[in-house]
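Structure record follows, encoded as C-alpha cells.
The values are calculated or read from the model by the stated rules, or taken from the named source; none is laboratory data. Bear in mind that the values here come from a model prediction, so they are computed numbers and not experimental data. Here the Cβ positions follow ideal geometry from the backbone for every residue, glycine too, while neighbour counts run over all protein chains shown.
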Amino acid sequence: MQIPHRVKLVDVGPRDGLQNEKSPVPAAVKIELVHRLQAAGLKEIEVTSYVSPKWVPQMADAAEVMAGITRQPGVRYSVLTPNMQGLEAALSGPRERWPDEIVVFAAASEAFSQRNINCSIAESMARFAPVVAAARAAGIHVRGAMSCTVGCPYEGEIAPERVAYLAGLMKGIGVQRVDVADTIGVGTPLQVKKAIQATLQHFDLADISGHFHDTYGQALANTLAALEMGVWNFQSSVAGLGGCPYAKGATGNVASEDVVYMLQGMGIETGIDLEKLVDAGKFISDFLGRQPNSRAATALLNKRLV
C-alpha cells in the first residue's frame, strides 16, 4: 500500500480538547479558536457537543458557539450528538447554523460501554439508530467514533474481532465514516494495523479515520502505521488539548502541530500553515494558563525567541 500524498486532519481541540477543562472557557474564546484553526488551513473542525450541561458544563454554550462562527467555504464543522435531544438542539436554529456533520460514539469494549453510557454495545447502537436516520434525512453527514479499539481501562487489550463487530453495527445503522480511536493511548503500531484491518471488513479506506492518543508516546508511530495502510484522514488536537481521564496525569490527544510537522517532513500535503497552527495553539494555551502540549510547537516557539 502506498503512503497517501495528501492527508486531511480533523482538529478536535474545540470540542474533545476543551470539554474536560474545569474552568469555563467563554464562547468568544472557543469561536476565536475555531477561526484561528480555519485560518491555519484546517478543513474539518470538531466544534462542540450538544450534551446535557449537567454532565458536560463546558459545552453548555454549544448553540452560541455554532451561531458565532464565521464559516468558510469548504470547511466541515462537526458536533457530537449523543441522543435525539442533542440532534434536535443542533438542528433547532436556522439551516446556516446547522453542523455539516454529527458524531455518534460507541466502544469496542463491553465493559467500557457499560461504565461510560450504562448500556451494552448493541443497546448503544439501537439508541443511535434513530439519531443517524434523522441526521441523514436532514442531509447531515454522520461519523461514528469507535472508542477503545486497541485497549480498554477495564478489559485490557481489545481483540480485532470486537472492532469488526462494532464497525459492522455502525455500518448497519447508516454511519458513513468511522474513527478508529485509541482512547487511552495504549496502542502500538501492530495493534493499530489490526484494528484498521478489522474495520476494513465493513468500511472503505476512504471512510476510516485514525484517532490516536499519546498517553504512552505512541501516537505518531501509530499515525505512521495507519499511513502505511493508506489511511489519509486523522484526528488531532491543537496544542495537544484534552487529557486522558483514565490515566491520571497522562496526555491525551496527539497535538495537531506534531502531526503536521511529521507529515510535512514526509512530503505529505496537508494544506495547513504550521506557523499559524502554532499561533492558534499558543492562543488557547495562553488563555488556559499553560504551555502547549506539543513538542513541535514548543520547539518552533523557542526558535522564534532566538
Report task. Would you mind stating whether residue 187 is over 22 Å from residue 14 (Cβ atoms), crowded, with 24+ Cβ neighbours inside 10 Å and either at pLDDT 95 or above or not small (Gly, Ala, Ser) (or both)? Result -> yes
Report task. Would you check if there is a residue in the range 67-78 being closer than 24 Å to residue 139 by Cα and at pLDDT below 95? Result -> no
Report summary line: When every residue in the range 197-213 that is in contact with a helix residue (DSSP H, G or I) (Cβ under 6 Å, 6 or more places away or on another chain) and assigned to a helix (DSSP H, G or I) is compared, the one surrounded by the fewest Cβ atoms within 10 Å (Cβ to Cβ) is 198
Query raised in the report: Mind checking whether some residue in the range 36-54 is modelled with pLDDT under 95, of a type in the set (Ser, Thr, Tyr) and more than 24 Å from residue 278 (Cβ to Cβ)?
Result: yes
Query raised in the report: Just to be sure, is residue 246 among the hydroxyl-bearing types (Ser, Thr, Tyr) and either modelled with pLDDT under 95 or assigned to a loop (DSSP other than H, G, I, E, B) (or both)?
Result: yes
Query raised in the report: Can you spot a residue in the range 2-9 that is in a helix (DSSP H, G or I) and out of contact with any Pro (no Cβ under 9 Å at 6 or more places or on another chain)?
Result: no
Query raised in the report: In this structure, is residue 49 hydroxyl-bearing (Ser, Thr, Tyr) and over 19 Å from the mean Cα position of the chain (by Cα)?
Result: no
Requested in this report: Go through (1) hydrophobic (A, V, I, L, M, F, W, C); (2) within 21 Å of residue 262 (Cα to Cα); (3) surrounded by fewer than 24 Cβ atoms within 10 Å (Cβ to Cβ) one by one and return the number of the condition residue 180 breaks.
Outcome: (3)
Query - Which numbered condition residue 12 fails, given (1) within 22 Å of residue 97 (Cβ to Cβ); (2) in contact with a Phe, Trp or Tyr (Cβ under 8 Å, 6 or more places away or on another chain) - result: (2)
Query raised in the report: Are any residues in the range 142-153 outside any strand (DSSP E or B), at pLDDT 90 or above and either out of contact with any strand residue (DSSP E or B) (no Cβ under 6 Å at 6 or more places or on another chain) or of a type in the set (A, V, I, L, M, F, W, C) (or both), and if so, which ones?
Result: 148, 150
